[in-house]
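All of the numbers you see were taken from the coordinates with simple rules; none came from a lab. Note that the structure is predicted; figures quoted are calculated from it, not measured. Here the Cβ positions follow ideal geometry from the backbone for every residue, glycine too, while neighbour counts run over all protein chains shown.
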Amino acid sequence: MLKETLINATEAGAQVMQHYFNNKNLQINNKEGVNNLVTEADHASEKAILEIIKGAFPDHFIVSEEVGEIVMDSEYKWIIDPIDGTVNYAHGIPLCCISIGLEQAGKMIMGAVYNPFLKEFYFAERGHGATLNGQPIQVSGQADLMKSCLVTGFPYTYINEPNGPLEVFSRFIRQGIPVRRLGSAAIDLCWVAAGRFDGFYEHKLQAWDSAAGFLMVEEAGGKVTDFKGDHYSPYQPHIVATNGKIHDDILLWINDKA
Ligand code: IPD
Ligand code: CA
Ligand code: CA
Ligand code: CA
């Protein structure tokens, strides 16, 4: 029942979101700052997702990007990003997803990410592996950072801090290491899980950006930590997620110790 609800909610969000994709009058609003956007599709997706989860489990705790927390005294917590990749979406770039993670007693137990444009449904359950459209996936085998393809993202503020996004990014690209920026942290993580990228790092993520995706990487055989190399929790800001083999090398560069 938990799994079915997770899958149904993720698909319902994606259906509504797609419906708005060709809407020429799509309502777009700013949150804080000029480019931190939210569209009517984010709200519609969120509404469809919440209806399904609340319908099935009215007493579960929910946290969702646009509505915030629906606090309940429950060991279950649903962590929802109704559209991850809103800036892409608002510009008509067909790369974004719905991401939902489910925690039990503080531990992520399941995650689902659906990219409706590529029709890719990622699912992970703790201890049971990760799948893409039902087929098991695993991280890449690349052990050489210099031959790796990385992905990152940038927060809306904080970009110029010491050891912040710009500095760290420049360390990698100066080495000639390809670093992509797709605009959806959940997709970045799923593509590490699927072996398309060898590693991902980002400063200042929110819990809903990484909740489902970090479990996807772990269940696909990868490694996820904070910038110190310690246990990752989606409630702290910085993330490194890799195939495991290049993890220590990435940490050295991030911390300017290479
Ligand atoms: C954003 C995306 C992006 C990341 C930003 C997030 P949103 O989420 O995940 O890749 O770089 O930090 O805020 O706003 O599109 O849900
Ligand atoms: Ca997000
Ligand atoms: Ca979002
Ligand atoms: Ca957002």
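For all pairs of alpha-carbon atoms in the chain, what percent lies in each bin of width 5 Å, listed from the first bin to the last filled one?
1, 7, 14, 19, 19, 17, 13, 7, 3, 1, 0
Go through Asn35, Ile62, His91 and say which Cα lies farthest out towards the positive end of the charge dipole of the chain; charges sit on Cβ, +1 for Lys and Arg, -1 for Asp and Glu.
With unit charges placed on the Cβ atoms, the residue in question is His91.
With +1 on the Cβ of every Lys and Arg and -1 on the Cβ of every Asp and Glu, and nothing else charged, how large is the dipole of the chain about its Cα centre, in debye rounded to the nearest 20?
Its charge dipole is roughly 740 debye.
Once both labels are modelled 7 Å past Cα along the beta-carbon direction, what's the Glu51-Gln135 spacing in nm?
3.4
Where is the GNM fluctuation largest for the chain (alpha-carbon springs, 10 angstrom cutoff): Lys204, Lys245, Lys147?
The residue with the greatest mean-square fluctuation here is Lys147.
Projecting each Cα onto the charge dipole of the chain (Lys/Arg +1, Asp/Glu -1 at the beta carbon, about the Cα centre), which of Phe197, Met110, Pro136 comes out farthest on the positive side?
Farthest along the dipole direction, towards plus: Phe197.
Alpha carbon centre of segment 49-76 versus segment 156-232: separation in Å?
Cα centroid to Cα centroid, the span is 27 Å.
On a 0 to 90° scale, report how tilted helix 207-219 is relative to the longest principal axis of the chain, with both axes built from alpha carbons and the result rounded to the nearest 10.
On a 0 to 90 degree scale, this one is about 60.
With each pseudo-label sitting 7 Å past Cα toward Cβ, what's the His19-Val71 distance in nm, one decimal?
Placing both labels 7 Å beyond Cα along the Cβ direction yields 3.3 nm.
If you put +1 on each Lys and Arg Cβ and -1 on each Asp and Glu Cβ, how big is the dipole of segment 2-136 around its Cα centre, in Debye rounded to 20?
340
Kirkwood hydrodynamic radius, segment 1-107, all distinct C-alpha pairs: what's the number in Å?
Result for segment 1-107, one decimal place: 14.1 Å.
Kindly express, to the nearest 10 degrees and within the range 0 to 90, the angle between helix 2-19's C-alpha long axis and the longest C-alpha principal axis of the chain.
Once rounded, the angle reads 90 degrees.
Size of the dipole of segment 123-254 about the Cα centre, Lys and Arg at +1 and Asp and Glu at -1 on the beta carbon, nothing else charged, in debye to 20?
Using only the charged Cβ atoms, the result is roughly 300 debye.
Bin width 10 Å, alpha-carbon pairs only: give the P(r) of segment 24-87 as whole percents, running from 0 to the bin holding the largest distance.
Going out from 0 Å in 10 Å bins, segment 24-87 shows 20, 48, 23, 8, 0 percent.
In degrees, nearest 10, range 0 to 90: what is the angle between the Cα axis of helix 40-56 and the longest Cα principal axis of the chain?
Here the helix axis deviates by roughly 70 degrees.
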